[in-house]
Amino acid sequence: QVQLVESGGGLVQAGGSLRLSCAASGTIFSINVMGWYRQAPGKQRELVATITRGGTTNYADFVKGRFTISRDNGKNTVYLQMNSLKPEDTAVYYCHADVTNLDGRGPSRFWGQGTQVTVSS
C-alpha cells in the first residue's frame, strides 16, 4: 500500500504565502510524476502543477510566476510554494504520486487526503 500525507494548508490573507508538503510512503519502488491539483466548492478538480523525477515542471497558467513546485526524491516528498496568494486560490489542494510498487506493478496514481487553503481578501 501507498499513503500520501499532506500538510501546510491554512488561512492566509491575500498577498501572503503558504508552503504545502506531501510525503509518500509504503511499498514504493519509484515515483515518476508528482503533482498538485485543487478543487474549489462547486468546481471540478483542476491541475495546479506537476514535476517529474528528473525535475521537469509543468504549471497551470493561473499560477505561473506565483507558485513553485519542487520535490525531494530521497524523501518521496513534493512541495508547493505558493506566493502572492489570491482569494480565488481558495480550494482544497490534493497531491498525487505516480508510483511503481516494489512488486513491479504500476505506475498507479495515488492521492493525498487534501488540505484546505483559504485566502481572505
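Would you mind finding the one in VAL92, VAL48 that is in a strand (DSSP E or B) and either open to solvent by 30 Å² or more (accessible area, probe 1.4 Å) or touching a His at 6+ places or on another chain (Cβ under 6 Å) (or both)?
On the way: VAL48 fails: either open to solvent by 30 Å² or more (accessible area, probe 1.4 Å) or touching a His at 6+ places or on another chain (Cβ under 6 Å) (or both).
Among VAL92, VAL48, only VAL92 is in a strand (DSSP E or B) and either open to solvent by 30 Å² or more (accessible area, probe 1.4 Å) or touching a His at 6+ places or on another chain (Cβ under 6 Å) (or both).
For the list (1) touching a Cys at 6+ places or on another chain (Cβ under 7 Å); (2) among the small types (Gly, Ala, Ser); (3) open to solvent by 30 Å² or more (accessible area, probe 1.4 Å), I need the number of the one condition that GLY104 fails.
(1)
Just to be sure I understand, how many residues within region 51-66 are surrounded by 14 or more Cβ atoms within 10 Å (Cβ to Cβ), of a type outside the set (Val, Ile, Thr) and part of a strand (DSSP E or B)?
1
Picking from THR100, THR90, THR27, THR118, which residue would you name as being touching a Ser or Thr at 6+ places or on another chain (Cβ under 7 Å), more than 23 Å from GLY15 (Cβ to Cβ) and touching a residue at least 40 places away in the same chain (Cβ under 8 Å)?
Only one candidate passes the filter, namely THR100.
Taking ALA14, is it open to solvent by 30 Å² or more (accessible area, probe 1.4 Å) and under 18 Å from SER108 (Cα atoms)?
Spelling it out, it is not the case that ALA14 is open to solvent by 30 Å² or more (accessible area, probe 1.4 Å) and under 18 Å from SER108 (Cα atoms).
As an exercise: evaluate ASN73 against (1) over 23 Å from GLN44 (Cα atoms); (2) touching a strand residue (DSSP E or B) at 6+ places or on another chain (Cβ under 7 Å) and give the number of the one condition it does not meet.
(2)
The values are calculated or read from the model by the stated rules, or taken from the named source; none is laboratory data. As the structure is a computational prediction, the values presented were derived from the model and not from experiment. Cβ coordinates were reconstructed from backbone atoms using ideal geometry, including for glycine residues, and neighbour counts include every protein chain displayed. Surface accessibility is based on the protein's heavy atoms, side chains included, excluding ligands, DNA and RNA. Shrake-Rupley method; radii C 1.70, N 1.55, O 1.52, S 1.80 Å.
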